[in-house]
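Student: Quick one: the structure is below, questions incoming.
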Amino acid sequence: MNRFWVKNIQCQFIHPPNYETRTSYIIIEENKNNHFMLTERGNKVDERSINELVEMIIKLSSSCEFMVFSGGVSPGFNIDIYKKLIELANKNGCKTFLDASGDYLLEGIKARPFMIKPNIDEICDIIGHRPENIKEIVFHAQKLIKSGVKVVAVTLGSDGSLIVSENEAFRIYPPKVKAINTVGCGDVFFGSSIFKLYHKSTLREAFKFATAVSASKAMKLMTSEFDINEALRLLDDVLIKDV
């Protein structure tokens, strides 16, 4: 909370009755460069709080240009919650972005968000099997584009990402860095790309920047820490190739 206030980020929270904030733990083996993430699922959210969330999305989306839907969902929500919220935001003219997994991703896609950011495991959920190569991922991403999604950004871990839109498909290769903690790199990549798109960057500009910021994050211990000046220095080491 204090971090939000320090950065002048406006926050609106819904507080379900008798609800404890879930806690996530990250265990890092410094000598082996391994990390493990333990995430609590959280308590069940009551119906009144869910309705409050829906009303908040309706209100905020009427005055927002972009709206991001991301993260694990607590018990109590139906699997179509992201789909429902994205449809409401889209109806109010918002450009919507989705980063989810499992059934929440599969249902959310049906609402035709502007952009989705699946990782390789989530792509497997979408197509029903593990793709044999990049061309197969491009093929299925293009099917998603035809269904109404505008941008599919597939994160590939240390191998970078694959970006597909109606008019282009390209790979982005990250700079070589000494990774300390890669937890949060996907979130930083997602947020950085949206930031650049909001400021009217092209897809290539946005995701090149996001890749550099994500690389800076990988070099830091904390899950959301990065150095923007370091990221700007890394930009020249980010490689883009058409697919």
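The values are calculated or read from the model by the stated rules, or taken from the named source; none is laboratory data. Because the structure is a prediction, the values reported are computed rather than measured. Neighbour counts are summed over all protein chains in view; Cβ atoms, including those assigned to glycine, are modelled from backbone coordinates with ideal geometry. Each accessible area value is taken on the protein alone, full model and side chains, heavy atoms only, with ligands, DNA and RNA left out. Shrake-Rupley method; radii C 1.70, N 1.55, O 1.52, S 1.80 Å.
Student: Residues with amide H under 5 Å of Lys95's amide H, sequence separation 5 or more or different chain, H placed in the peptide plane at 1.01 Å from N; which?
Tutor: Phe66, Met67
Student: Here's another thing I want to ask about it. So what is the accessible area of segment 147-243 per residue, in Å², with the probe set to 1.4 Å? Each step should come with its number before you reach the end.
Tutor: Details: 4710 Å² over 97 residues.
Value returned for segment 147-243: 49 Å² of accessible area per residue.
Student: Could you give each residue of segment 48-55 its phi-based ³J(HN,Hα) in whole Hz, using Karplus coefficients 6.51, -1.76, 1.60 with θ = phi - 60°, and x for Gly or Pro?
Tutor: Once rounded to whole Hz, the list reads 4, 5, 5, 5, 4, 5, 4, 5.
Student: May I ask you to derive the FRET efficiency for Thr21 and Ile127 from their Cβ-Cβ distance with R0 = 51 Å, giving the value to the nearest 0.05?
Tutor: For Thr21 and Ile127, the calculated efficiency is 0.90.
Student: If you don't mind, there's one more thing I want to ask. Measure out, as a whole number of angstrom, how far apart the alpha-carbon centroids of segment 23-97 and segment 158-205 sit.
Tutor: First find each Cα centre; the distance between them is then 21 Å.
Student: If the limit is 31 Å between Cα atoms, which of Lys176/Lys196; Lys84/Lys220; Lys44/Lys83; Lys59/Lys241; Lys135/Lys200; Lys7/Lys143 go over it?
Tutor: Details: Lys176/Lys196 23 Å; Lys84/Lys220 36 Å; Lys44/Lys83 20 Å; Lys59/Lys241 41 Å; Lys135/Lys200 29 Å; Lys7/Lys143 40 Å.
Table pairs above 31 Å Cα-Cα are Lys84/Lys220; Lys59/Lys241; Lys7/Lys143.
Student: Here's a follow-up. For a quick check of understanding: with a 1.4 angstrom probe and all protein chains in place, what accessible area in square angstrom does Glu205 have, to the nearest ten?
Tutor: 100 Å²
Student: What figure in square angstrom, to the nearest 10, would you give for the accessible area of Arg112 with a 1.4 Å probe?
Tutor: Rounded to the nearest 10, that gives 130 Å².
Student: Okay, next question. For the pair Ser63/Thr39, report the inter-label distance in nm, with labels modelled 7 Å from Cα in the Cβ direction.
Tutor: It works out to 3.1 nm between the two label points.
Student: With a 1.4 Å probe and all protein chains left in place, how much of the accessible area of the chain comes from carbon and sulfur atoms, in whole percent?
Tutor: On the way: 7200 of 14340 Å².
That fraction is 50 percent.
Student: Residue by residue, what Karplus-based ³J(HN,Hα) values in Hz, rounded to whole numbers, does segment 140-148 have, using 6.51, -1.76 and 1.60 with θ = phi - 60° and x for Gly and Pro?
Tutor: 6, 5, 5, 5, 5, 4, 5, 7, x
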